[in-house]
Each structure stands twice: as C-alpha cells, then as structure tokens.
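Note sheet for the following structure.
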C-alpha cells in the first residue's frame, strides 16, 4: 500500500515539477541562471525591457546554419542596439552535445563574433523544460510587461542549408512586429474612445 502511494506521488510530482509553465500571452516565468562568465542573471532583472531568449547548441546543424551565415549575430546586434536583452541559453547536460566549459563557450562566442547580452547555462534543463524548449534554435520573446509574446522557430525554413537564410522569413521578428502593430492599434482606439 505504501509502496503504491509512494510511486503515485513520485509520478505526479515528477510530472508537475517538470511541466511547461511558460504560456503565450501570460507572464513569463522567472528563472535564475549563471552565465559563461560566472555571473548570475534572472529574468526579473530585465523588467521593463524586451527580452529575447534563444535556445542554443553550437554543435546543432540548425544553429550552425544561423551562426555560420552570420544571421544570428546580425539579429543579436540589431536588437541589442535597440536596448533589447538577448539571452542565449544552453540546456545541454554535462557530457552531452552542446555542453562546454565556460572557456570553450567564450571562445566560440568570440570566434562567431556573437552579440548576445549573455550566454546562460541551464545544464540541468529546468529552464528549458519550464519554457518547453525542445529544439535549437528555439526562440522566445518577452515584452516590456513581462508577457511571453512569441515562442517558436527562428525562421520559416526548416533546413540546415546556409543558402536558405537569404530567403527565410524571420518568424519571431515578423510576429513581434505584428504584435507591436496590434498593440499600437489598440492604444490608438483606446485613446480615441477616451477622447469621446
């Protein structure tokens, strides 16, 4: 009897402990992770700013496509220049593809001339599970109010061909712009209604 109860408890606890909690159009769950330079970051420290989360594994062929074509770095530079925080997160466990020492990570960042705000290490995968990150690059956008407004692919070309980058539509960018335009329209309508 106790054995059965213990098994049921562990199964239920395991499912809820690792369930995805990040949901579109809801507040993004906070997390704390250490970066490749040993500094701790939390999502809450960036309140009032737009935050891009990029799940990364430098050895993934899809990630290689975006870094070797310089696509990812140009997006990082474009948005960090606009005061948007870009956090690259690696959820690879120790001994698995994509898990590197801090020195190796920083060498790769330098060699790729990457422009992320920080490279965060999620070796136990808790944050990845919290956000439902299953592939790399998996992109998320959190608005200034802390709401998760995009979760999905970086572009509309599911290939590893570098040539596809030229024709690809950057999905998180397109949807983010649509989101901003919709918010501006709502703001204008509310402003007009208040004036009446």
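Nothing in this text is a laboratory measurement; each read-out follows from the coordinates by a stated rule. Predicted model, so just to flag it, every value in this text is computed and none were measured. Because the Cβ atoms are built from the backbone with ideal geometry, glycine has one as well, and the counts that use them run over all protein chains shown.
Things worth noting here:
- Ordering of 59-67, 74-82 by burial proxy (mean other Cβ atoms within 10 Å per residue, highest first): 59-67, 74-82
- When the alpha carbon gyration tensor of segment 88-144 is reduced to an equivalent ellipsoid, the three semi-axes, largest first, read 19, 16, 9 Å.
- Gyration tensor verdict on segment 31-85 (Cα atoms; rounded if a/c is under 1.5, prolate if a/b is larger than b/c, oblate otherwise): oblate
- Model label zone, residue 37; criterion: amide N under 15 Å from point 7 Å along Cα-to-beta-carbon; scope segment 68-95: 86-88
- Multiplying the residue separation of residue 80 and residue 110 by 0.36 nm and subtracting their alpha-carbon distance yields 9.1 nm.
- One chain, two ends: residue 47 and residue 134. Fully extended at 0.36 nm per residue, the span grows by 28.8 nm beyond their Cα-Cα distance.
- Two-site label geometry, residue 156 and residue 27: point separation in nm, points 7 Å out along Cα→Cβ: 3.5 nm
- Two numbers describe the Cα atoms of segment 67-163: Rg and Dmax, which are 13.8, 37 Å.
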